[in-house]
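Take a look at the structure below.
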Amino acid sequence: MKKIETELLDCYILEPERFGDERGYFESITKEQLEELGFKGIKQVSNSKSKKGIIRGLHFQKDPYCQAKVVRCQSGAVLDVVVDIRTDSATYGKWTSVELTPENGRLLYVPRGFAHGFIALKDDTLFEYYVDNKYNPRMEDGILWNDEELQIPWTKILKQYEIEQPILSAKDQERETLKDSQITFKRKPTRYLITGVKGQLGYDIVRELKERGEDEFLAVDIDQMDITDRNQVFEVIKNYKPDVIFHCAAWTAVDKAEELLEKVKQINVEGTKNIVDASLEVGAKMIYMSTDYVFDGKKEGYYKEDDPVNPMSVYGKTKYEGEEEVRRNPKHFITRISWVFGINGNNFIKTMLRLSDTHQELTVVDDQVGSPTYTVDLAKLLVEMANTDKYGTYHVNNSGYCSWAEFAKYIFEINNKDTKVIPTSTEEYIKNVGDQAYRPRNSKLSKEKLMQAGFEMLPSWQDATERYCKELKKSRY
């Protein structure tokens, strides 16, 4: 394959070698050839059909769903137009155009961080896109096709190809100019650091980053970086210089925490303080995982982010003290989550399924109400948050609410288990099992702020539970 440089950094014209005779020709491009360009792998193949004079563009998807594209014209002809909108690129704001036809056999590689469009030069033009990130309609965006500051000579182009009037969608006619848009693409890839990678959420954040084609991340656990060792924290973070820190490492054994106050404080408070101080040193964003346990659960209705906190357990108190440390970093996200389950660790679903193998009945409390939260769904939202500057405290969990008893019944139902759930009160449960750390009775967290900020609501807890159980079954074989 011949690779031809364009006027724009990292953007290439591709000419696969053709082998032909009177019957036609054969050509191919390998996965390795595309990866050498920076293409992360085909996640989706799309086609569009256009008549002469239709302009599609100039389009892109916002991070973390930004796409690189390999495009070609399968029939008809197009003039492909791309603009480098990576703010740290030497060719920022510059454009180039390439004529693509079945006859010339050319493809164009369009990197992430470019706005892309084309004008169809013939009727029945079939245009094909190979993209390395799935289409996400909520993250679709673009810049105005005839932005004067870009100086794309559309009048000359239209005259050259004998097009009297271009045809555009209403949306493409009303897009913002490059100058007015809120674009934050960078040529330099974002660097992520994840603490607590051996836990449920840390594991799925790494999976989500990989799914989005991100390969600049450092995932650590206590073996690589003990968050209570201040010198080690500073050494790792100052050497790696992350742009974003997902702080998932924490003491989460709620009952055991009551017996080990100083150790829990050392991890959840002092460890978090060390991470925050190091994040300030390198200018990194902080994303901190807090908990519904910061509330006492005595309020009627839904808890909002600005409601007074009143943690009643060592775990809840130390996680809130961690929140206060994180607020010292102006670029912070504090996410209060609840009833978490993921593939890489122990959780309520795994416990219920394990016990159902040996028990015909199980007693489960029914006066504690909250939202079960799947780490796969949570990770998607957290990675999206990391690519914004909508800082603050958010309640983040799957939609809907249930009691632990209702949750257990649903788990057994979708897994075809005959185990009967016996609902009980927290007080009765404690009488049978002994003292426990305080649990909030009401953990209904309002997601209104999350919605107002423009983030996508997580699916229902029932939907999440079904998908998790399917993943769990696959992981067993």
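The values are calculated or read from the model by the stated rules, or taken from the named source; none is laboratory data. Keep in mind that this is a model prediction, so the values were computed, not measured. Cβ sites come from the backbone with ideal geometry, for glycine too, and all protein chains shown count toward neighbours.
Annotations for the structure displayed:
- Residue match in the stretch 434-444 (condition: under 26 Å from TYR203 (Cβ atoms), over 31 Å from the mean Cα position of the chain (by Cα) and at pLDDT below 95): yes
- Of the helices (runs of 4 or more DSSP H) lying entirely inside the stretch 230-294, those carrying at least 2 residues that are more than 26 Å from HIS395 (Cβ to Cβ) and either under 21 Å from the mean Cα position of the chain (by Cα) or free of Cβ contacts under 8 Å to residues at least 12 places away in the same chain (or both) are 230-240.
- Pairs linking a residue in the stretch 31-54 that is in the same structural domain as GLY76 (by TED's automatic domain parsing) and in contact (Cβ under 8 Å) with a residue 12 or more places away in the chain to a residue that is part of a strand (DSSP E or B) and aliphatic (A, V, I, L, M), with Cβ atoms under 6 Å and 6 or more positions apart or on different chains, are GLN44/VAL131; LYS49/LEU126; SER50/ALA120; LYS52/ALA120; GLY53/ILE167; ILE54/ALA120; ILE54/ILE167.
- Options LYS265, LYS298, LYS285; residue that is charged (D, E, K, R) and either surrounded by 20 or more Cβ atoms within 10 Å (Cβ to Cβ) or modelled with pLDDT under 95 (or both): LYS285
- Residue check, SER46 within 30 Å of LEU209 (Cβ to Cβ) and surrounded by fewer than 22 Cβ atoms within 10 Å (Cβ to Cβ): yes
- Here TYR303 clears all of (1) out of contact with any Phe, Trp or Tyr (no Cβ under 7 Å at 6 or more places or on another chain); (2) under 25 Å from THR375 (Cβ atoms) except the condition numbered (1).
- Residues that are over 19 Å from GLU176 (Cβ atoms) and in contact with a Leu (Cβ under 7 Å, 6 or more places away or on another chain) were ranked within the stretch 49-73; the one that is surrounded by the fewest Cβ atoms within 10 Å (Cβ to Cβ) is LYS49.
- Some residue of the stretch 201-217 being assigned to a strand (DSSP E or B), in the same structural domain as VAL340 (by TED's automatic domain parsing) and closer than 30 Å to ASN136 by Cα: yes
- Any hit, the stretch 86-100, residues being modelled with pLDDT of 95 or more, surrounded by 19 or more Cβ atoms within 10 Å (Cβ to Cβ), in the same structural domain as GLU162 (by TED's automatic domain parsing) and under 26 Å from the mean Cα position of the chain (by Cα): yes
- Some residue of the stretch 379-389 being of a type in the set (Gly, Ala, Ser) and over 22 Å from LYS473 (Cβ atoms): yes
- Residue count for the stretch 64-106, restricted to those that are closer than 20 Å to GLU149 by Cβ and of a type in the set (Gly, Ala, Ser): 4
- Just one of the listed residues (ASP292, ASP255) is surrounded by fewer than 20 Cβ atoms within 10 Å (Cβ to Cβ) and closer than 23 Å to ALA437 by Cα, namely ASP255.
- Taken residue by residue, the stretch 71-83 has at least one member that is in the same structural domain as PHE19 (by TED's automatic domain parsing) and touching a Cys at 6+ places or on another chain (Cβ under 7 Å).
- The set of residues from the stretch 168-186 being within 17 Å of GLN61 (Cβ to Cβ) and assigned to a loop (DSSP other than H, G, I, E, B) comprises SER169, ARG175, GLU176, LEU178, SER181, GLN182, ILE183, THR184, PHE185, LYS186.
- Single residue of the stretch 310-334 satisfying the filter (in a loop (DSSP other than H, G, I, E, B) and crowded, with 19+ Cβ neighbours inside 10 Å) that is nearest to the chain's Cα centre (by Cα): ASN329
- Residue within the stretch 418-437 that is of a type in the set (Val, Ile, Thr) and closer than 23 Å to ILE343 by Cα present: yes
For every residue, the table says whether it meets (1) in contact (Cβ under 8 Å) with a residue 40 or more places away in the chain; (2) assigned by TED's automatic domain parsing to the domain that holds ARG138; (3) closer than 28 Å to ASN329 by Cβ; (4) buried (at least 17 other Cβ atoms within 10 Å of the Cβ).
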residue	(1), (2), (3), (4)
GLU361	yes, no, no, no
MET385	yes, no, yes, yes
CYS402	yes, no, no, yes
PHE412	yes, no, no, yes
THR419	yes, no, no, yes
LYS447	yes, no, yes, yes
MET451	no, no, yes, no
MET457	yes, no, yes, no
THR465	yes, no, no, yes
